[in-house]
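Following: one structure in structure tokens, then a few remarks.
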Amino acid sequence: SAGLVSQPTAVKFLMARKFDVSRAVDLFQAYKNTRIKEGIININPDEEPLRSELLSGKFTVLPGRDAKGAALALFTARLHRPDVTTHKAVLQAIIYQLDKAIESLQTQRDGLIFIYDMTNSSYSNFDYELCVKILNLLKGAFPARLKCVFIVSSPLWFRAPFAVLRLFVREKLRERVCTVKAHELVNHIPVSSLPEHLGGTSQYSHVAWIQSCVNVQTNTFPGLSSSCDPDDAERYMDMSVHMPEEGGMTVQELVEYVKRKKKKGIYQEYEDIRKEPPKTHDLTFNLYSDVLCLDHSRVRLCQLSDDEDETSDYINASFMDGYKRGNAYIATQGPLPKTFCDFWRMVWEQMVLIIVMTTRVVERGRVKCGQYWPLEEGRTEQYGYFLVRNTQIQVFQDFKVSLLELYNTQSGESREVCHYLYVSWPDFGVPKSASAMLDFREHVLQRRKDAVQRLGSGWTGPPGGPPVVVHCSAGIGRTGTFCTLDICLSRLEDIGTVDVCQTVRRMRTQRAFSIQTWDQYYFCYTAVIEYAQRHGKLSPVQWSDSDIETDSE
């Protein structure tokens, strides 16, 4: 009852089992069953989420080979985000690319080496079930002999609690599993076949590899043609937890939703979010019980060469994604004198161009943040090995802008950093109107765009530029409010819908407790509506529910 297969397909499975026909038939059946089980029937690279998976660079086949001719498949663990993708999408992308790789007779003959690169990955990038599925696929359901598995730069947490995975791998592959450090990989694979970050010299291009796949197999791939802007591909590779998706509300639906729920309903919605425990994968590096950094998203400072303290890479700051942009922001506590030096180290190391400060230094007689930059124009202050000079101050109705020259006394380099101080947040509650905050955001966005353009070819990172540092006092309340607004309004402009609830939920997976009070949460809803009114997306709306003020950060 079996249908015929083509000669090339038959040869692939026969070669994978050294022309043992019964074993080749078993392999073919296992391959079919795996695809059916995982729902991988029809693979269309034009459709999401497969398209983004292919462009993410998470899995790729390198152009080089090992000394015996085996193909090299690379899985980059730090690019895997279990919270924003599915096993089906990842396996689709892997099978799609391996199908292309196995067209090579040399790969059919000499097999495949799988490199599981854990360099700079964290616990949040690890997906045990996905690892098992990939290894099962490569070991027993794909027409290429798996010659070896290299696990590169495995973190300590992988070596201990997840020894069970290594045992599983060894049981299935016997001596063909090798755990190595990145620089040791060149002892097993020629330098010319490995990318630079693994100690090699290969200038491999994942985009070029995908281009060759889709050109041969589909001849079409919108947004990734030979004449496409490389930045377009980079945007898709720059994964974020805030991506275009179905659902959400149009502004008209949003208005009706807020009218129907009223403040009490929005309050309850926030309470539901607030009660959700933070997804704290690893709090090893949190120095105090009230520190809010999650280890998987925290910013790591470069270890001081003259400091044996293993915590010298610590600062209470977290990378947070923006709309379609990974690591768009760094949310951090307001610096205090003991952390001034660390703060400016972070700004330098992350090439920060913009600092957004949403609290005043002192409010209601309480110190909310240290004076970590020179207050007067022309004044210079020293913080560790950095000199910070205030070269110009511009005063607007609701905020101040200071142009700072940041000079590194160790390297002799200097950079310009733009410091924004928002002064119109009231002492209690939230602003009555979002107008000032919306103007402030627009000014920051334009300044960021101009600053990135000035970098020119000197910036080789994501098109949006380096992360914007955002802070208040604790780095969660007003900070989270500003970032939520920016994400929601960017999505509104892009696809016409917003989802405040999901935006905040996802933000809190990267910076725990973002949005500190319910009135800040409610303010995000009303600010989106006000933005829509200002931009002609909505007619004026009158609110009948009473104003409620509560104390917030």
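Here are the numbers for the structure shown:
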quantity	calculated
Chain lengthening between Met351 and Arg379 when straightened (0.36 nm per residue, less Cα-Cα)	7.8 nm
Förster-model FRET efficiency, 41 Å R0, Gln410 and Arg260, C-beta, rounded to 0.05	0.10
Sorted by Cβ density within 10 Å, fewest first, the residues His535, His471	His535, His471
Which listed pairs, of Lys58/Lys324; Lys32/Lys68; Lys37/Lys88; Lys32/Lys100; Lys37/Lys100; Lys37/Lys147, have C-alpha distances above 19 Å, in listed order	Lys32/Lys68; Lys37/Lys100; Lys37/Lys147
FRET efficiency estimate (nearest 0.05) - Cβ-Cβ, Asp46 to Gln252, R0 30 angstrom	0.45
Spacing of the two label points (7 Å from each Cα toward its C-beta) at Gln453 and Asn120, in nm	2.9
Sorted by Cβ density within 10 Å, fewest first, the residues Arg389, Arg454, Arg65	Arg454, Arg389, Arg65
Inter-label distance, nm, simple model (7 Å from Cα along the C-beta direction), His535/Ser212	4.2
Theoretical gain in end-to-end length, Glu245 to Ser104 [0.36 nm per residue, Cα-Cα removed]	47.1 nm
Shape call, the range 251-534: gyration tensor on alpha carbons, a/c limit 1.5	prolate
Longest to shortest principal axis, alpha-carbon extents of the range 377-471, angstrom	47, 32, 20
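Each value in this text was obtained by applying a stated rule to the coordinates, not by laboratory testing. Since the structure is predicted, the reported quantities are computational estimates derived from the model, not experimental observations. Cβ sites come from the backbone with ideal geometry, for glycine too, and all protein chains shown count toward neighbours.
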